1. In the stretch 13-26, which residues are polar (S, T, N, Q) and over 23 Å from residue 288 (Cβ atoms)?
2. Within the stretch 170-182, which residues are charged (D, E, K, R) and buried (at least 20 other Cβ atoms within 10 Å of the Cβ)?
3. With 4, 8, 50 as the choices, which residue is more than 16 Å from the ligand (Cβ to nearest atom) and closer than 28 Å to residue 137 by Cα?
4. Are there any pairs with C-beta distances below 9 angstrom linking a residue in the stretch 379-398 that is of a type in the set (S, T, N, Q) to a residue that is exposed (fewer than 10 other Cβ atoms within 10 Å of the Cβ) and assigned to a loop (DSSP other than H, G, I, E, B), with the two at least 6 apart or on different chains, and if so which?
5. Out of 147, 140, 72, I need the residue that is closer than 20 Å to residue 234 by Cβ and of a type in the set (Gly, Ala, Ser). Which one?
6. Among the residues in the stretch 173-193, are any in contact (Cβ under 8 Å) with a residue 12 or more places away in the chain and among the basic types (Lys, Arg)?
7. Show me the helices (runs of 4 or more DSSP H) found entirely inside the stretch 199-268 where at least 1 residues are in contact with a Ser or Thr (Cβ under 6 Å, 6 or more places away or on another chain) and under 27 Å from residue 315 (Cβ atoms).
8. Taking the stretch 267-282, which residues are free of Cβ contacts under 8 Å to residues at least 12 places away in the same chain and either near the ligand (Cβ under 8 Å from one of its atoms) or surrounded by 15 or more Cβ atoms within 10 Å (Cβ to Cβ) (or both)?
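The values are calculated or read from the model by the stated rules, or taken from the named source; none is laboratory data. In this text the structure is predicted, and so the values were computed from the model without any measurement. Positions of Cβ are backbone-derived with ideal geometry, glycine not excepted, and every protein chain shown enters the neighbour counts.
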Amino acid sequence: GIELGKLLAQTGYITYDPGFVNTGAASSAIAYIDGDAGILRYRGYPIEQLAEKSTFIEVSYLLIYGELPTQAQLAEFTEKIQRHTLLHEDLKAFFSGFPRDAHPMPVLSSAVSALSTFYQDSLNPFDEPNVELSTVRLLAKLPTLAAYAYKKSVGQPLLYPDNSLGLVENFLRMTFGFPAEPYEVDPEAAKALDLLFILHADHEQNCSTSTVRLVGSSEANLFASISAGINALFGPLHGGANSAVLDMLEGIQADGGDVAKFVERVKNKEKGVKLMGFGHRVYKNYDPRAKIIKSTADEILGKLKGGDQLLDIAKKLEETALSDDYFIERKLYPNVDFYTGLIYRALGFPTKFFTVLFALGRLPGWIAHWREMINDPATKIGRPRQIYTGHAERDYTPIAER
Ligand code: ACO
């Protein structure tokens, strides 16, 4: 395939493939998806087994280093991350510079971008010990940055990390706790968030991961590349869909809960009306992550808040769509984002913050892909071609004659 691609380019032929629907931009050993069968594996391990038996930190290790860690490796990895959770004090000033009601996604991407100004040892992407350090710094600091983005948006004081806690517990405490007040982490909430992070941890060449790889292919450092990935994730057709789903469910609720009426609007292709959380470029079957989330949503919501009316609307919406020819013909099924927002909401996160949670989960996947890309001898700078549709050559007209 690679040789054929080169040959075609030499002869002047260009593949026209908007959205890269059928273009392989990399070879990768990280995640495997069979979209027709609804299969997802990280490094060969089925997502169902990882969701049931593993933890987010272990999955992060697996994605980045290729194998499940031994006990000693996991202990060392965890300890390294715990030692790097603090932010440089000057970095905090960034958070005061943004408007109070700023969306937390651009706040997060800006803060991550700023990391390369604080850690200038990260600038050379081929300096392996420093790539290792940047990896640990990112895994450790992104939850702190995310919690600070939240605290600023609600006008509350920032909390230093408590490194006696695990990564997810620490994040929950920094987000919802107050300085000098004890904060009991709810183990059910921590478990639910850990599970959601596992399910989001990688998904091969999606829009944000491809962005990370593309930016990294110019040999930009890890922080710059991940910051770009966060911006790509922001869009409602990608990570922003989890917030959009909740807005949609609340809209249906406010409109009297008429699910059939909403589905008709979707089918009529009303401008800006889509069934958010449905459809996927690769899955033409039920997204295996959505299946896991749906089966745990009831349980988690029951424990956390005693159920949720919006969950009933979501289930009705799914049922209606899955028995409708429009969705059947187009093979549109719920994706990972369809049920996650309900859980995030029950955990106490505002809708605007949901995509930040996706970013926290996706981080190890982005890092793994960036490292795979930078170490792959086949990597070239990403530089697509185009089909030119503009004017043929024409002569400049002086302004007085236009
Ligand atoms: N609601 C209604 N119709 C849809 C939906 C949807 N959610 N998704 C796709 N369709 C329709 C399209 O209108 C199109 O119909 P047509 O053939 O009559 O023109 C057909 O299904 C094919 O859809 P495409 O847009 O060509 O599919 P593509 O692979 O480009 O898009 C995407 C995939 C972006 C995920 C799309 O399904 C979508 O917009 N879904 C809603 C947003 C969403 O949930 N995004 C999260 C994706 S998962 C993730 O990033 C974590």
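1. From the stretch 13-26, those polar (S, T, N, Q) are 15, 22-23; that's our starting set.
If the condition is that a residue be polar (S, T, N, Q) and over 23 Å from residue 288 (Cβ atoms), then 15, 23 are the ones that fit.
2. Correct list: 173 only.
3. Details: 4 fails: closer than 28 Å to residue 137 by Cα; 8 fails: closer than 28 Å to residue 137 by Cα.
Residue meeting the stated conditions: 50.
4. Every condition considered, the pairs that remain are 386/16.
5. One residue alone meets the criteria, 147.
6. Looking for residues that are in contact (Cβ under 8 Å) with a residue 12 or more places away in the chain and among the basic types (Lys, Arg), one finds at least one in the stretch 173-193, hence yes.
7. Working: elements: 207-216, 222-234, 241-254, 259-267.
Once the helices (runs of 4 or more DSSP H) in the stretch 199-268 are filtered for at least 1 residues that are in contact with a Ser or Thr (Cβ under 6 Å, 6 or more places away or on another chain) and under 27 Å from residue 315 (Cβ atoms), what remains is 222-234, 241-254, 259-267.
8. Taking the stretch 267-282 first, the residues free of Cβ contacts under 8 Å to residues at least 12 places away in the same chain are 268-274.
Result: 269, 273, 274.
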